[in-house]
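Novice: This is the structure, below, for whatever I ask next.
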Amino acid sequence: MSMIHREIGDFSVMAFCGGKFRTVKKEDVLGKWSVFFFYPADFTFVCPTELEDLADKYADFQQAGCEIYAVSTDTHFVHKAWHDVSERICKIQYVMLADPTHVLAKDFDVYIESDGLAERGSFIVNPEGQVVAYEVSAGNVGRNAEELFRKLQACQFVAEHGEEVCPAKWRPGEKTLRPSLDLVGQL
């Protein structure tokens, strides 16, 4: 079943951010754009390359009014330990959510029950708390922060300009499409 337009569920989880622990709840997410970036586990191989790539692009996401929430089934203590010892992970300024009870992984339908881990899933959530774009990949395939950012920009554009749609590889300032009933018959 598709996650598009599905509202995220209530949650309250511990997080590690800025060297501190804090609680993050659904109401903290509402009112702004968000990306929930699920990854299998801390202290692994592909995950730090993705999280570093996202850290390098974080300022752009922030400038676009979007918060990043990296999520694994590890605890907030493990997030801190990884942050303290990894050259890649210490660059992270965005929020790292701890999901040891799998409440988020199950809500976003990325939980791998047999492993107790999450699939690699990227979810763009609008200010109303609805999923507007997502992608789930196998655990051995890393993602690209630049493409995720492009998708965020397209989702924001479409939300603001409801009658226009963004074609493949669209970037801000490029031509969009305006579907009409006349064109539908010609396809």
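The values are calculated or read from the model by the stated rules, or taken from the named source; none is laboratory data. Because the structure is a prediction, the values reported are computed rather than measured. For neighbour counting, all protein chains shown are included, and Cβ atoms are generated from backbone atoms with ideal geometry for every residue, glycine included. Areas reflect the complete protein model, heavy atoms only, side chains present, ligands, DNA and RNA absent. Shrake-Rupley method; radii C 1.70, N 1.55, O 1.52, S 1.80 Å.
Novice: Pairs of alpha-carbon atoms within less than 8 angstrom and 6+ residues apart define the contacts here; what relative contact order does the range 94-135 have, in percent?
Specialist: 21 percent.
Novice: Restricting to Cα pairs below 8 Å that are 6+ residues apart, what does the relative contact order work out to for the range 76-187? Please round to a whole percent.
Specialist: The value is 12 percent.
Novice: Using a Förster distance of 35 angstrom, determine the FRET efficiency expected from the C-beta separation of Glu135 and Asp84, and round it to 0.05.
Specialist: Result of the calculation: an efficiency of 0.70.
Novice: Could you order Ser86, Ser2 by accessible surface area, starting with the largest, using a probe radius of 1.4 Å?
Specialist: The ordering from most to least exposed comes out as Ser2, Ser86.
Novice: Report, in order of residue number, the helices in the chain meeting two criteria: a C-alpha extent of 18 Å or more along the helix axis, and a mean Kyte-Doolittle hydropathy of at least -1.0; treat each whole DSSP H run as one helix.
Specialist: 46-63, 145-160
Novice: When a/c is below 1.5 the answer is rounded, else prolate if a/b is larger than b/c, else oblate, so apply that to the range 93-138 with a ≥ b ≥ c taken from the square roots of the Cα gyration tensor eigenvalues.
Specialist: Because a/c hits 1.5 or more and a/b exceeds b/c, the range 93-138 counts as prolate.
Novice: Which percent of the accessible area of the range 10-114 is formed by carbon and sulfur heavy atoms (probe 1.4 angstrom)?
Specialist: C and S fraction of accessible area: 51 percent.
Novice: Then there is this: At 1.4 Å probe size, put Ile112, Ile68 in order of accessible surface, largest to smallest.
Specialist: Ile112, Ile68
Novice: Next question. Out of Gln62, Asn144, Asn126, whose Cα points farthest toward the positive end of the dipole of the chain (charges: +1 Lys, Arg; -1 Asp, Glu; placed on Cβ)?
Specialist: In the chain, that residue is Gln62.
Novice: Considering only protein heavy atoms, what is the solvent-accessible area of Cys166 at a probe of 1.4 Å, reported in Å² to the nearest 10?
Specialist: Here the accessible area works out near 40 Å².
Novice: If you don't mind, there's one more thing I want to ask. Could you compute the net charge surrounding Ala81? Neighbours are other residues with a C-beta less than 12 Å from the C-beta of Ala81; K and R count +1, D and E count -1.
Specialist: Summing Lys and Arg as +1 and Asp and Glu as -1 gives -2.
Novice: I need to check one value: relative contact order of the chain, counting alpha carbon pairs closer than 8 Å and at least 6 residues apart, in percent.
Specialist: After rounding, I find 25 percent.
Novice: While we're here: Taking every DSSP beta bridge with both residues inside the chain, roughly what % is antiparallel (nearest 5)?
Specialist: In the chain, approximately 70 percent of DSSP beta bridges are antiparallel ones.
Novice: Give me the accessible area per residue for the range 8-56, probe 1.4 Å, as a whole number in Å².
Specialist: 43 Å²
Novice: Taking only protein heavy atoms into account and a 1.4 Å probe, give the accessible area per residue of the range 102-187 in Å².
Specialist: I get 59 Å² per residue for the range 102-187.
Novice: How big is the gap, in Å, between the Cα center of the range 83-141 and the Cα center of the range 1-22?
Specialist: Value for the Cα centre distance between the two parts: 9 Å.
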